[in-house]
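One structure is given below, encoded as structure tokens.
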Amino acid sequence: MKISVLDYGVVDFGKTNEEAIQETIQLAKKAEELGYERFWVAEHHQVKALSISAPEVVIPAIASQTKNIHVGSGGIMGLHYAPYKVAEVMHSLEVLFPGRIDIGLGNSIGTKSVSTALKSHYIKPQFGEWVADVQEIIQTNEAVPYTKRVPEQFLLGMGGESVHIAAKNGLGFVYGVFPYIPQEPLVLAKELSTAYRKEFQSVNESDSCFILAVFVVIADTEEKAEEMAQALDLWMLGKQDFSEFETFPTKKEVETREVTPAERKTIEGNRQRLIVGDSRAVKAQLDELCQVCNPDELLMIPLVGGFENRKRALELFAQLY
């Protein structure tokens, strides 16, 4: 089983955004050392505790300090940007780091203020058209710099139309099990993997690739994992568009933040879509998911507080596979 990482550029208490991005680079170097296939970074805007808003800038910084691991986006939120510009970014990254760049593309337009600030001209129903435009530009080698090959591409989704768009265009697909999105992962993972593989149409000899992306809270003990997960529980409530906290929630904030009965119910629901525990517990939960969809790869998301906790999570996860 290939394993990969999606990092959010977490800003911990007492740390700056600059330090957070440097920690992301260090985490990527650790992932390469441990044998991970890919190290991706996410795109978030106006979220105080997450430092990466421009993955296309962070990617080359990581790639220049690693040697073999694939580096990419998980993802670039395409509807904010002109297809031509995204194609140019892909070409440029491929020229700089041939054969090592992945581009994950998402269809989120963010909050109204984010969409307005970025002057987004697209809406979600146009995502299929947007993806097709990008593919046409790439296949006709219209964007400079010219390059014979382009980064491997993936569409990110939690269901809906993205899986069909990915299959139609011969792209990889990443099913993200997001805790705050009410769904049944065991059911949806099976449905999406089946639909994707059935509908997949190879383009320029591309291969199908179904990746399962999961939020994993793994530690040496169940007790430590539970402590870390409680901070993620608060974060996943998504209050104030995920900006309730200036930095990622601390243990003190977990202990002092009042949780309403409605929020407690939300947390309980979210926990059904989180992988939490020591190595044995995490492996058992992931095995159950993998049995229903047989993923080509697992993409773990270590969204937990503390750089040392994130680094240890990568070590423990690598030992499982």
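The values are calculated or read from the model by the stated rules, or taken from the named source; none is laboratory data. Note that this is a predicted model, so its numbers are computed, not measured. Neighbour counts run over all protein chains shown; Cβ positions are idealised from the backbone, glycine included. For accessibility, only protein heavy atoms count, side chains too; no ligands or nucleic acids. Shrake-Rupley method; radii C 1.70, N 1.55, O 1.52, S 1.80 Å.
Values for this structure:
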| read-out | value |
| --- | --- |
| Single match in Glu297, Glu315 (criterion: modelled with pLDDT of 95 or more, open to solvent by less than 30 Å² (accessible area, probe 1.4 Å), charged (D, E, K, R) and within 20 Å of Val41 (Cα to Cα)) | Glu297 |
| Residues that are modelled with pLDDT under 95 and either under 20 Å from Gly172 (Cβ atoms) or within 16 Å of the chain's Cα centre (by Cα) (or both), drawn from the stretch 84-112 | Gly106, Asn107, Ser108, Ile109, Gly110 |
| Residues being under 27 Å from Lys48 (Cβ atoms) and either charged (D, E, K, R) or surrounded by 15 or more Cβ atoms within 10 Å (Cβ to Cβ) (or both) - total across the stretch 112-136 | 8 |
| Which numbered condition Val41 fails, given (1) out of contact with any Asp or Glu (no Cβ under 6 Å at 6 or more places or on another chain); (2) without any contact (Cβ under 8 Å) to a residue 60 or more places away in the chain | (1) |
| Options Leu212, Leu188; residue that is in contact (Cβ under 8 Å) with a residue 60 or more places away in the chain and within 21 Å of the chain's Cα centre (by Cα) | Leu212 |
| Residues located in the stretch 146-165, provided they are of a type outside the set (Val, Ile, Thr) and within 13 Å of Pro98 (Cα to Cα) | Tyr146, Lys148, Arg149, Pro151, Glu152 |
